[in-house]
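The values are calculated or read from the model by the stated rules, or taken from the named source; none is laboratory data. The model shown is predicted, which means the values in this text are computed figures rather than measured ones. Using ideal geometry, Cβ is built from the backbone for each residue, glycine included, and neighbour counts are taken over all protein chains shown.
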């Protein structure tokens, strides 16, 4: 190494020090320069006081956060594409062992640095931003330390393949030609990715492998149909390269599925993270002031309430969606999606007439699309795809499973009979509206915050809010559906807690969804698979709704005669997707929930 290189590295390292670290560095250098003992003693006392009083600045925090977001977009190119940043569309994530260890080490060291930052004397907003950025680092650090998906979850790698292509085809962000060339490069990288997966998977879990096999064997339409819609702009040579890369990628993915199938019998069954880890995640990632037992009790209480409310319906069978009661049953997929999407206008008119929430002018169009089969094993009800945090396109999508008028899938049956509860949840005033507003925040840390308890809690809250405000007639299919949706989401809490703390088996989780949640076997199995493969996600809905309802009551008491439901909604959404203990601190100036969450 040349001397000038050493000097540059020292300067670069020093530039990244905190205020207190720089003070310590200067003190050490000064002590080595002073030769007289008496002077050394005096300077040491002064330096010690300086270091003890030194404090990191909010500007340093925001610089660290900005650098982290920039680093993350480069390190995870598929995630960047999904979020609307298309700089690295031609790359997949480097999943070599060295790259994984380097990323994990970087995140952990940054987390330790943020933990050590002294924020006494900072403004309330800056202290909130420190707490938020810490949670953003806690999540990937926890995943690396505890969940270890690189080593035990083959679905992680299959999802990288499917999302790598899906993120290029889902939106018309660039000409077909450019996206097809990027897809060709990603397809070429898939065989190497599957080799990395085999090397990394030192203890794959049987359940995760089964999900990966199902996803891998359903991936073909995404590559052969959806992707090839971009090939119309290619010349013959470019198209030939795309087709060759596609065929080799599919061969590698199918071979990976066969490899997993061959080794299934030797793989251990699903292993729960345990109570201590589960509760750590609740407190340090979600900033929730409750433990696993309290969370389970909340789920049981809400489950009992919604099962009882179902029974109080004039016709309790209205809680079970039935296409036979629909005035019209769509004849095909195209008609189904068009009819589904058109009903959002009813919701928008009601929100405006009742003055329930502000809909900013930048909110774009919301569409219903068919769910690619590759995602069905863990998303039996489909999923929402909002505008990404970097997206220039303000439209959003809800991907719903393939239509069949005879489908037994709960979500399809509900969408045929009465689509508006799910439409409101996924679209407006639910996810699409809330996340679009969050993407427009000026504060970078809050713009990147994606607290699942808040986002899912808000969407579920809006279902019942519209019912209580009179949008749906009493005893209607919509009311029945809302009660059933809340019932099975309450069942999700019990499954999430008990499955991931190790109290239940996977089979018990499926049975609970069917017996207590009222789901069919297909939906129940997919729900349980989702709870096992994405721990804590399933509990976010009812937990977030509970926390929002609790905050609403306290907000109303605080505002008194000045209370407005519209103002509450606007005040809540303008802060972004924040933990609700932070929302309480912002709206009520009460940080007691946050303090309880962080008390070990």
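Miscellaneous remarks
- Output for the stretch 149-178, where each listed residue is part of a loop (DSSP other than H, G, I, E, B) and within 18 Å of residue 260 (Cα to Cα): 153
- Inspection of the stretch 423-442 finds a residue satisfying the criterion of being touching a strand residue (DSSP E or B) at 6+ places or on another chain (Cβ under 8 Å) and over 22 Å from residue 392 (Cα atoms).
- Some residue of the stretch 284-293 being farther than 30 Å from residue 483 by Cβ and either surrounded by fewer than 21 Cβ atoms within 10 Å (Cβ to Cβ) or in contact with a strand residue (DSSP E or B) (Cβ under 9 Å, 6 or more places away or on another chain) (or both): yes
- Subset of the stretch 301-325 (residues that are under 14 Å from residue 412 (Cβ atoms) and without any contact (Cβ under 8 Å) to a residue 12 or more places away in the chain): 324
- Residues of the stretch 569-591 that turn out to be touching a helix residue (DSSP H, G or I) at 6+ places or on another chain (Cβ under 8 Å) and either in a loop (DSSP other than H, G, I, E, B) or outside the structural domain of residue 554 (by TED's automatic domain parsing) (or both), as a count: 7
- Per the conditions (1) out of contact with any strand residue (DSSP E or B) (no Cβ under 6 Å at 6 or more places or on another chain); (2) within 19 Å of residue 397 (Cβ to Cβ); (3) not in a loop (DSSP other than H, G, I, E, B), the sole criterion not satisfied by residue 352 is (2).
- When 160, 138 are checked against the criterion of being outside the structural domain of residue 532 (by TED's automatic domain parsing), farther than 29 Å from residue 223 by Cα, within 24 Å of the chain's Cα centre (by Cα) and buried (at least 20 other Cβ atoms within 10 Å of the Cβ), 138 stands alone in meeting it.
- The stretch 326-340 - residue that is in contact (Cβ under 8 Å) with a residue 40 or more places away in the chain and part of a helix (DSSP H, G or I) and, of those, nearest to residue 478 (Cα to Cα): 340
- Residue within the stretch 250-258 that is surrounded by 20 or more Cβ atoms within 10 Å (Cβ to Cβ) and farther than 30 Å from residue 220 by Cβ present: no
- Which numbered condition residue 536 misses (of (1) over 23 Å from residue 346 (Cβ atoms); (2) at pLDDT 95 or above; (3) in a helix (DSSP H, G or I)): (3)
- Within the stretch 101-131, tally of residues that are surrounded by fewer than 18 Cβ atoms within 10 Å (Cβ to Cβ) and under 21 Å from the mean Cα position of the chain (by Cα): 2
- Residues of the stretch 459-487 that are on the phi < 0 side of the Ramachandran plot and not in a helix (DSSP H, G or I): 469, 471, 472, 473, 474, 476.
- Single unsatisfied condition, residue 422 versus (1) buried (at least 23 other Cβ atoms within 10 Å of the Cβ); (2) under 18 Å from the mean Cα position of the chain (by Cα); (3) under 25 Å from residue 342 (Cβ atoms): (2)
- Flag for residue 383 being surrounded by fewer than 18 Cβ atoms within 10 Å (Cβ to Cβ) and either modelled with pLDDT of 80 or more or within 22 Å of residue 167 (Cβ to Cβ) (or both): yes
- Flag if residue 301 is at pLDDT 95 or above and in the same structural domain as residue 487 (by TED's automatic domain parsing): yes
Condition check ((1) assigned by TED's automatic domain parsing to the domain that holds residue 509; (2) outside any helix (DSSP H, G or I); (3) without any contact (Cβ under 8 Å) to a residue 60 or more places away in the chain; (4) more than 27 Å from residue 530 (Cβ to Cβ)) across all residues:
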| residue | (1), (2), (3), (4) |
| --- | --- |
| 180 | no, no, no, yes |
| 192 | no, no, yes, yes |
| 197 | no, no, no, no |
| 212 | no, no, yes, no |
| 221 | no, no, no, no |
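- Residue check, residue 242 surrounded by 19 or more Cβ atoms within 10 Å (Cβ to Cβ), in a helix (DSSP H, G or I) and under 28 Å from the mean Cα position of the chain (by Cα): no
- Residue satisfying all of: in the stretch 506-516; surrounded by fewer than 24 Cβ atoms within 10 Å (Cβ to Cβ) and touching a residue at least 24 places away in the same chain (Cβ under 8 Å); farthest from residue 317 (Cα to Cα) among these: 506
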